[in-house]
Amino acid sequence: MKNTKKVPYGKINSVAEMGVLVRQHRKSQKVRIEDLSDLALISPRLIGEFERGKETCQIGKVLQILKFLGLEIRIVPRGTP
């Protein structure tokens, strides 16, 4: 997967922000929701809900989506640059 578009990676303050960033990353990699669904064994509906900021998505499923897109979450103290 080749990155063809600049994605604004960085601090996330909400599920909605995370969903937008993940969608931008997925699209920059030219990965369709259907293909991600097949790879991660997660329904396209759940992926779409997550990308639209649904706050009740299961954290395990979110981590699986991130893994298959080559993304990760880092936990740091608030205010860390």
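Overview of values
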| item | result |
| --- | --- |
| Under 17 Å from the Cα of LYS6 - aspartates and glutamates, other chains or at least 8 residues apart | GLU17 |
| Coil-residue chymotrypsin sites (Phe, Trp or Tyr not before Pro) of the chain, DSSP, other Cβ within 10 Å capped at 14 | TYR9 |
| Dipole in debye (nearest 20) - the chain, about Cα centre, beta carbon charges: Lys, Arg +1; Asp, Glu -1 | 320 |
| Residue-span extension gain [SER43 to ALA16] - 0.36 nm each, minus C-alpha spacing | 7.8 nm |
| Around GLY53: net Lys/Arg minus Asp/Glu count, Cβ-Cβ under 15 Å | +2 |
| Coil-residue GluC sites (Glu not before Pro) of the chain, DSSP, other Cβ within 10 Å capped at 14 | GLU55, GLU72 |
| Degrees between helix 59-68 axis and first principal axis of the chain (Cα, 0 to 90, nearest 10) | 70 |
| Of the trypsin sites (Lys or Arg not before Pro) in segment 8-70, those whose Cβ has at most 16 other Cβ within 10 Å and which sit in DSSP loop | LYS11, LYS30, ARG32, ARG52, LYS54 |
| Label-point separation in nm, ARG52 to LYS6, each point 7 Å along Cα→Cβ | 3.0 |
| For the chain, calculated [θ]222 nm from helices alone, where every DSSP H run of n ≥ 4 adds -39500 (n - 2.57) | -14500 deg cm²/dmol |
| Gyration tensor (Cα) of the chain, equivalent ellipsoid semi-axes in angstrom | 20, 16, 11 |
| Those residues of segment 59-81 whose amide nitrogen sits under 19 Å from the label point placed on GLN24, 7 Å along Cα→Cβ | 66-67, 69-74 |
| Top positive-direction residue, dipole computed over segment 15-68 with Cβ charges, set HIS25, LEU63, PRO44 | HIS25 |
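No value in this document is a laboratory result; all are computed from the given coordinates. Values in this document were obtained by computation on a predicted structure and should not be read as measured data. Positions of Cβ are generated from backbone atoms using ideal geometry, with glycine treated the same way; all protein chains shown enter the neighbour counts.
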